[in-house]
Structure formats: C-alpha cells, structure tokens
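First up is the structure itself, then whatever we jot down about it.
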Amino acid sequence: MQSSLSLSSTSLSLSGSHRTLSPPLASLRFCGLRREALGFKQQQNLQRQRPSLLARASNLAPVSASADSGNDSPSTGGFDYDLVIIGAGVGGHGAALHAVEKGLKTAIIEGDVVGGTCVNRGCVPSKALLAVSGRLRELQNEQHLRKMGLQVSSTLYDRQGVADHANNLASNIRNNLTNSMKNLGVDILTGVGTIVGKQRVKYGKIGLSGTEITAKNIIIATGSIPFVPNGIEVDGKTVFTSDHALKLEWVPDWIAIIGSGYIGLEFSDVYTALGSEVTFVEALDQIMPGFDPEIGKMAQRILINPRKIDYHTGVFAKKITPAKDGKPVMIELIDAKTKEPKDTLEVDAALIATGRAPFTKGLGLESVGVATQRGFVPVDERMQVIDTNGKVIPHLYCIGDANGKLMLAHAASAQGISVVEKICGKDNVLNHMSIPAACFTHPEISMVGYTEPQAREKAEKEGFEISIAKTSFKANTKALAENEGEGIAKLIYRPDTGEILGVHILGLHAADLIHEASNAIAMGTRIQDIKFAVHAHPTLSEVLDELFKAAKACY
C-alpha cells in the first residue's frame, strides 16, 4: 500500500556555471505509477495530441494497440494479443507499460476502475490524508514552533476540504494512469476478466455472455480487498474498513482501530491529528507487530504514548455491532489464547484494519487446474502459476496481492516487470528481500530485509554471526535544523562478508531514505563498498552514510 518518488538513469553534467540535467523530465520514472501516470509521455508520442487528463475513467473504450516502438516485436502467433493482463492496478499498469516498451501487443482488463486499490482506496488517497495530518501536527505543536521562532494563533481544518483533497488526488492519478496506457497503445477492455482455458480469457459484465479473446501470455493482477473477520458487522458508517475511512465522511470523537499494523498505525496518525481519541485492539501480545522490535518500542514512545491513544493487546474482537437506535458501537473482546471474555468497549466508530484478502474469486482458475491456497494463487519464484499437481502452467502468471508474496503496490509493479522480462526471453528472478516497505506516520518508519530476530534465526540455521550498527537522527545536521531529531537508523549485517541483511529507519523522511539500502541489497553491494559513497552535506541522507560507516566488519 505504499508509493515513493524515484529517478532512474539520470545524470548531472556541469559546464562552467551552467548545470544541465539529462535526460529531460519526460524520461524520469515516478514511483510504482511510473512517469506516464503523472502526465508525461514517451518520446515517440510527442507528436500526438495529448488527451485531456480529466477524461473520466467511466468513459473508457478499447484503444487500438499500436506499439510503434520499432524494437523486436514478437509475433502474436495467431493469438489476439501477446499479453493480456487481468486487473489494472499499479501492478497491472506497470506490467502493461513495460510490455508495450518491449513491443508486445497488450490488453488490460478492468472490471472496476483503473488504478486498483492503491490509487483509489489505498496508498494514494491515504497519503493525501497523512499529508494533512502532518501539516496539522506541525502547526499544533507550539513548543516545536517556538524553538524555531514561530507563533501560530490557531489551527483549524475543513473536513470536507480534506476529504476532497484525497479524492481529487486519486481521481487525477487514476485519469493519468488511464491516459498513459491509451497513449502507449494498450487496449483497455472494460469488464470482469475470467480464464476460460489455456491462453483464453473472457471479459464483460457479470451475467452476460461476454467476449472471448486469446493471448499468448496472461497475467493475473486482481489485487486484494479488506479482510473482515467473522463476527464483525460492517455498515460502512460507524463500523468500516479502510475503503470507507478514506472518504472521511466524519471524524468520530472516539474510534477503535482493530489491528495495529501499517494500515491501523497510519489511520491513528490521521485521526488523532484531526482530534479523535483512538483505541487499538491487537490480537498479538505487542502493539505494532511485524516491525523490528527495537524500532517498534521507539515508535510506541513517539507515535503512541504522547498521543490520545490507548490499546488492548492479546485480544480478539469477537463481535462488533454498529451504532444504531442511539446506542454506540459495541465491541466484545475475548482473550486471544483462552477465548475467555475480557472486556466490552463502547465507542463512536470502529475501523477494521485486520489486513487484506486476495481478490481471486470468479477468475475461472479451475478451468486450468489451479486451486487457490487461502485465496492466494500459488506461484513459483518467477510468478508462474502452479497447478494442483505442482506443475507450472505455461504462459500463465500471477502478480501482486493475489499471489501473497509481498502485499505492496510497488512489489506488484516489480513482479509485473519481471514477468514481462521473462516473456521476452530474459530470465528474471525478483529478490523480494530487497523490496522496501514504509509506514507514513509522523515521523515515518521504513524497512528492508530482515528484522533482528529474523536475522538471528537465519544466522543460527546457516552458521554465521550477525552484527548491529545504529545511528541517531540527533547527530544529523539537517534533522536538527528541522528540529526533528527524534529517530534512529539500524543496520543488520554479516561482519564476515559485509552483506547487508536488513535496514530499519524511524525518523524524518524515513520512507525516502530507505532506498539507498534497498538498492544496495538488490545489487549485492557490500558494506565495504557502500561506506565509501559520498553524500551531500547537510542532508538527511547522511544518516545512512554514518550508519554504513559505523559497521565494523572483518572482511
């Protein structure tokens, strides 16, 4: 559910007093959505008239595939398409654009709206809300402002204006994604996609016969939906999922958030900034499970304890009843281990943030001998779908949340690109341990690779030692200039080889800083090499510079 801004293949040349950035802006690549998603087009399309970026997604029509890139375009071999992608989220979009770049005749099927969960109900609108909560926190922190010589008399917000900001951002990105695919010659086919046999797909409205097409290769990219445990009644108003919460139809005085992972933590940041009191209900024994324990403890001290947040751990929400007839939302808690009754909460609202479930029902997988596992489509390391006999099905792939390998938007995009590379004859195996994750709270949390307990377990099994290095944001000039010295960066590595096993960051712009570490892991860069990299001063990037230099290795 997370996005970041990245630049690829850029170079900086200096000549006298003049600076020239090359290549131009249109060739840059923006997050998982890529450059075309923000309105930029390929050089080959510069002579075409640019469609309006305000074209509505509901007016989509099939567009003739015309990838006139001039590169080695494989023949469709009697198929309607070289590649058909079921699902037009970030993963499907990334795969489609890369396929066109490779000269593949490509179609993408979308039964809802282009952009999927990330753009419409996930990382994009949530970041708009978090941007507001971040600004509010700055303006409300009188002590922080006073240290910088600033005074603000009062801070107010307009709920509808905040909601509109999130909705408008999602709409703009959605339209840009649609236009980017149209401009590059991807056929956008509206309807629900179903596999009806080997290399055959049908699409159309539910209940109608639909249209059948053939494809040399098929990618499933149907994403996921919010997971709602049994016993929880969702009415979309007082008991709701993240899909509803992003609309920000109201701000409750007291809201219970069921689950304290990424989604729950980010929404606690938003709601407390807007004035709500928050109660976490967590099934595991500690708050914020999944984070490195040391980072989690520090995050609790910064993100939980000072705010209007309390929590219950080691308990399940057995039953949640929406507010009605003047009664509040009722939450019955039971012990997660013994299942004995523990407590009953009465709150104004409940947000269900218990994770996500794959959206794979009705795909017709049985027609090719595939059975899902807890809803996930089984795949190998190359995203090739595996049938019930454990054999790979040729020309059928599954990426993103639907395969369950790593439920992040940018992971789906990376998997899609990897699949297209394989289709075009370049074997590509994605290193999932190099894919970063981020939680966009204030301050942010980011991570890549193993947590310390995971690394120690791996070291014990494989017979090697690990070492830990840390550095603080309090030693960083730029962080201190921003009066944002709270934070830490942690490195887990092998002292015998210099291999980076994991990096975890809590602090200002942690989500942006993590990519140096993730790229190092992806490229196999060792501590002994990366510690000689030069970082501009004074910048937050020096947090990573000091972290790598602090590593003591025996190589």
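Based on Cα contacts under 8 Å between residues 6+ apart, the range 411-516 shows a relative contact order of 28 percent.
Along the axis of the charge dipole computed for the range 412-537 (Cβ charges of +1 for Lys and Arg, -1 for Asp and Glu, origin at the Cα centre), the listed residues HIS535, GLY485, THR525 are led at the positive end by THR525. The orientation-averaged shadow of the Cα convex hull for the range 391-545, equal to a quarter of the hull surface, comes to 11.2 nm². Taking PHE532, PHE473 and ordering them by how much accessible surface each has at a 1.4 Å probe, largest first, produces PHE532, PHE473. Here the gap between VAL392 and LYS297, fully extended at 0.36 nm per residue and compared with their Cα-Cα distance, gives a gain of 29.9 nm.
Hey, which of these cross-link pairs are over 28 Å Cα-Cα: LYS237/LYS342; LYS127/LYS474; LYS405/LYS478; LYS405/LYS461; LYS426/LYS470? Violating the 28 Å Cα-Cα cut-off are LYS405/LYS478; LYS426/LYS470. Rounded to the nearest 20, the size of the Cβ-charge dipole of the chain about its Cα centre is 1000 debye, with Lys and Arg at +1 and Asp and Glu at -1.
In this structure VAL196 has an accessible area near 40 Å², from a 1.4 Å probe over the protein heavy atoms. Between the residues PRO453, LEU501, GLY197, the greatest Cα displacement towards the positive end of the dipole of the chain, with unit charges on the Cβ of Lys, Arg, Asp and Glu, is found for GLY197. Residue ranking by accessible heavy-atom surface, 1.4 Å probe, largest first, among LEU97, LEU480 comes out as LEU480, LEU97. For the range 379-459, applying the loop criterion from DSSP together with a ceiling of 16 other beta carbons within 10 Å to the trypsin sites (Lys or Arg not before Pro) yields ARG382, LYS391, LYS426. The 1.4 Å probe gives accessible areas that order SER472, SER126, largest first, as SER472, SER126. Between ASN431 and THR313, the FRET efficiency from the beta-carbon distance, with R0 = 30 Å, is close to 0.35. Quotient of the Cα radius of gyration of the range 330-429 and 2.2 N^0.38 Å, N being its number of residues: 1.51.
Full extension of the chain between GLU381 and ASP529 yields a length gain of 50.4 nm, computed as 0.36 nm times the residue separation minus the alpha carbon distance.
Hydrodynamic radius of the range 66-225 by the Kirkwood approach over all distinct alpha-carbon pairs: 18.1 Å. For LYS205, a cut-off of 12 angstrom between C-alpha atoms picks up these aspartates and glutamates, skipping any fewer than 8 places away in its own chain: GLU110, ASP112. Relative to the current alpha-carbon distance between HIS537 and ILE206, full extension at 0.36 nm per residue lengthens the span by 113.4 nm.
Computed about its Cα centre, the charge dipole of the range 433-555 is approximately 220 debye, with only Lys, Arg, Asp and Glu carrying charge at their Cβ. The share of accessible area on the chain that comes from carbon and sulfur is 51 percent, using a 1.4 angstrom probe. Magnitude of the charge dipole for the range 360-515, about its Cα centre and with charges confined to Cβ atoms of Lys, Arg (+1) and Asp, Glu (-1), is about 180 debye.
In the chain, Cα pairs under 8 Å separated by at least six residues give a relative contact order of 13 percent. Note: relative contact order over the range 208-365, using C-alpha pairs below 8 Å and six or more positions apart, is 33 percent.
Just one of (1) 1.06; (2) 0.97; (3) 1.00 is Rg/Rh (Cα atoms, Kirkwood Rh) calculated from these coordinates, so which is it? Correct label is (2).
Helical content of the chain, expressed as a calculated mean residue ellipticity at 222 nm, amounts to -8000 deg cm²/dmol (DSSP H runs of 4 or more residues, -39,500 (n - 2.57) each, divided by residue number, nearest 500).
DSSP bridge analysis restricted to the chain gives an antiparallel fraction near 60%, rounded to the nearest 5.
Scattering from the range 291-359 was approximated by placing one identical point on each alpha carbon and applying the Debye formula without solvent; log10 I(q)/I(0) at 0.12, 0.24 1/Å stands at -0.46, -1.12. Volume per residue for the range 246-331 equals 96 cubic angstrom (convex hull of Cα atoms). Simple rule: put +1 on each Lys or Arg Cβ and -1 on each Asp or Glu Cβ in the chain, find the dipole, and look at GLY314, GLY223, GLY94; the Cα lying farthest toward the positive end is GLY94.
Size estimate for the range 506-555 follows the Kirkwood approach: the inverse of mean 1/r over distinct Cα pairs works out to 11.5 Å.
Using only alpha carbons, the range 147-212 has a radius of gyration to Kirkwood radius ratio (Rg to Rh) of 1.36.
The values are calculated or read from the model by the stated rules, or taken from the named source; none is laboratory data. Being a predicted model, the structure only gives us computed values, none of them experimental. For neighbour counting, all protein chains shown are included, and Cβ atoms are generated from backbone atoms with ideal geometry for every residue, glycine included. Remember, those area values only see protein heavy atoms, side chains included, never the ligands or the DNA or RNA. Shrake-Rupley method; radii C 1.70, N 1.55, O 1.52, S 1.80 Å.
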